[in-house]
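Read through the structure below, which is laid out as structure tokens, and then see the notes.
The values are calculated or read from the model by the stated rules, or taken from the named source; none is laboratory data. These figures come from a predicted structure and were not determined experimentally. Positions of Cβ are generated from backbone atoms using ideal geometry, with glycine treated the same way; all protein chains shown enter the neighbour counts.
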Amino acid sequence: MSAWLTVLLLVVANVFMTFAWYGHLKLQQANIITSNTPLIVVILISWGIALIEYTCQVPANRFGFAGNGGHFTLMQLKVMQEAITLVVFTVFTVVFFRQETLHWNHFAAFVCLILAVYFVFMK
């Protein structure tokens, strides 16, 4: 499996993860799900979305792991996944929750994440 396919699967998995974890909040704002919707229904919807996430996340980790012939160590996979998660979450927040704004400290945190990715890939 190519390294880029691993990264692509991680991105797709994180898109679904973000929708599973936070999408119900947007659905509530759009009055598709109300505050009266039973929590178990919201959880089941999120689990359904998370199932799609796992069908991408597990293969990305399994095939991307150097121990299985992939290109990445476990630390590299985890740090990449966290960086991808925060990028996807930021895009999701800016696009779907326009009242949320980015501040200088968010950008400083992104720089730290980029440095984390750099350091974990350093030999």
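When the stretch 52-99 is filtered for residues that are within 16 Å of GLY23 (Cβ to Cβ), under 18 Å from the mean Cα position of the chain (by Cα) and loosely packed, with under 12 Cβ neighbours inside 10 Å, only VAL95 remains. Screening the candidates THR85, THR34 for the property of being among the hydroxyl-bearing types (Ser, Thr, Tyr), outside any helix (DSSP H, G or I) and either modelled with pLDDT under 95 or out of contact with any Lys or Arg (no Cβ under 9 Å at 6 or more places or on another chain) (or both) yields one hit, THR34. Look at ALA108 and say whether it is more than 19 Å from the chain's Cα centre (by Cα) and either farther than 19 Å from VAL12 by Cα or among the hydrophobic types (A, V, I, L, M, F, W, C) (or both). Yes. Here HIS24 passes the criteria (1) part of a helix (DSSP H, G or I); (2) closer than 21 Å to MET122 by Cα; (3) not polar (S, T, N, Q) except the one numbered (2).
From the list THR34, THR6, which one is in contact with a strand residue (DSSP E or B) (Cβ under 8 Å, 6 or more places away or on another chain) and of a type in the set (Ser, Thr, Tyr)?
THR6
Just one residue in the set PHE110, PHE63 is aromatic (Phe, Trp, Tyr), in contact (Cβ under 8 Å) with a residue 40 or more places away in the chain, in contact with a Leu (Cβ under 9 Å, 6 or more places away or on another chain) and in a helix (DSSP H, G or I); that residue is PHE63.
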